[in-house]
Each structure stands twice: as C-alpha cells, then as structure tokens.
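Below is one structure, written out as structure tokens; the observations come after it.
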Amino acid sequence: MSKEPTTNLESAMQMLIKTFHKYSGKEGDKYTLSRGELRELLTEELGSYLGNAKDNDGVEKVMNDLDANNDGEVDFTEFIILMGALTVACNDFFLEFKQDEKPAGTAATTEGEKKE
C-alpha cells in the first residue's frame, strides 16, 4: 500500500488487508488461509471476541461456513464476509446493551417535544 490512510475507514480497510496477509501463505497458497492459519488468526486477533478460538470444532464450523467454494481454504472475500458478520453481531450486541442500560422511567425525547 503506497498511500497512507487519511480516514478511520481507510485505516480499517488497510488493517483488514494487512492482517489477512500476515497469516495467509504460511501454509500453501499465499492468498488463502488454511485451517491452521485461520485458527491462528482467530486466536491471535479475535480471541477476546470469540472466546475459545482454539476449540477445534468451533474453528471447523467457521471454516465450513466460510468456505463458500468448498476448496478447504478461506480466501480474502470469504474472510471479509466473516469480518462483516462479526462486526454486525458486535454492533447488535452493543445496541442491545445500551438499551438495557437506560434508567427505568426515562423516555427518549422526540423532535416535537418541548425541552424543559
């Protein structure tokens, strides 16, 4: 990447690309993640979000769900699908968490209401 990111989204995109390629190609094709590479990526990069990423059955399920073309490897597109799904799940969790935090008896102010 020759251009330095200037926005948070550009930085996030570059980080996704760099992280994928940090783990891909250690085994076999340098543009895909093998099961072992996926396990290492999940453990090292998403361990606190995924819990026990070392769980073989869990990694196997993620691999099978992601491997859309059934080649036994996860390519960059399949990896991005995982990251998108995890991001949506995290967003949903935090939205629910925020709603649960509201003190009882408080109502949201609508645009038409007068503020005292």
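Determine whether Ala68 is modelled with pLDDT under 80 and either part of a helix (DSSP H, G or I) or in contact with a Ser or Thr (Cβ under 6 Å, 6 or more places away or on another chain) (or both). So Ala68 does not fit the description; no. The residues of the stretch 28-39 that are surrounded by 15 or more Cβ atoms within 10 Å (Cβ to Cβ), at pLDDT 90 or above and not polar (S, T, N, Q), listed by number, are Leu33, Glu37. Among the residues making up the stretch 1-46, those that are part of a loop (DSSP other than H, G, I, E, B) and either touching a strand residue (DSSP E or B) at 6+ places or on another chain (Cβ under 6 Å) or closer than 18 Å to Val59 by Cβ (or both) are Ser24, Lys26, Glu27, Gly28, Ser34.
The values are calculated or read from the model by the stated rules, or taken from the named source; none is laboratory data. A quick note: this is a predicted structure, and the numbers were derived from the prediction, not measured. Reconstructed Cβ throughout: ideal geometry from the backbone, glycine too, with neighbour counts over all protein chains shown.
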